[in-house]
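Student: Provided herewith is a single structure, encoded as structure tokens, for subsequent inquiry.
The values are calculated or read from the model by the stated rules, or taken from the named source; none is laboratory data. Quick caveat: nothing in here was measured; it's all calculated off a predicted structure. Positions of Cβ are backbone-derived with ideal geometry, glycine not excepted, and every protein chain shown enters the neighbour counts.
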């Protein structure tokens, strides 16, 4: 004897009772939302994005992978971080904002006594104190 099938009811796991927050537009709408969240928060988690965008974590992982391949973010375990532009060399960083570094060195020199030795932890101002 054959069992009667239950009708599909919204919310019972057979059919979604909600419409996706992205309006069903797919990656073309999701990806800008992901990048916007990354700019605002500084990091994004795949699990949180899947909840807020009403899509699966696999979908978010796919989007993150493709955004990483496009150079728009850096994928990490469980989410993504902003793409770092690479670190400049010490000499290049030492040349950046020289007026501010000189002001810090002058202020530190004024605070010190004649017999004190200053050892700043911030390497770019060390040569200015000598």
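Student: Within the stretch 81-89, identify whether any single residue is at pLDDT below 95, under 21 Å from residue 42 (Cβ atoms), in contact with a helix residue (DSSP H, G or I) (Cβ under 7 Å, 6 or more places away or on another chain) and surrounded by 13 or more Cβ atoms within 10 Å (Cβ to Cβ), and answer yes or no.
Tutor: yes
Student: Please tell me if residue 105 is surrounded by 12 or more Cβ atoms within 10 Å (Cβ to Cβ), at pLDDT 70 or above and not in a loop (DSSP other than H, G, I, E, B).
Tutor: It is true that residue 105 is surrounded by 12 or more Cβ atoms within 10 Å (Cβ to Cβ), at pLDDT 70 or above and not in a loop (DSSP other than H, G, I, E, B).
Student: Right, next: Among the numbered criteria (1) in a loop (DSSP other than H, G, I, E, B); (2) at pLDDT 90 or above, which one does residue 47 miss?
Tutor: For residue 47, the failing item is (1).
Student: Related question: Looking at the stretch 51-84 only, could you name the residues that are more than 20 Å from residue 26 (Cβ to Cβ), in a loop (DSSP other than H, G, I, E, B) and either touching a strand residue (DSSP E or B) at 6+ places or on another chain (Cβ under 8 Å) or not assigned by TED's automatic domain parsing to the domain that holds residue 39 (or both)?
Tutor: Hits for the stretch 51-84 are 78, 82, 83, 84.
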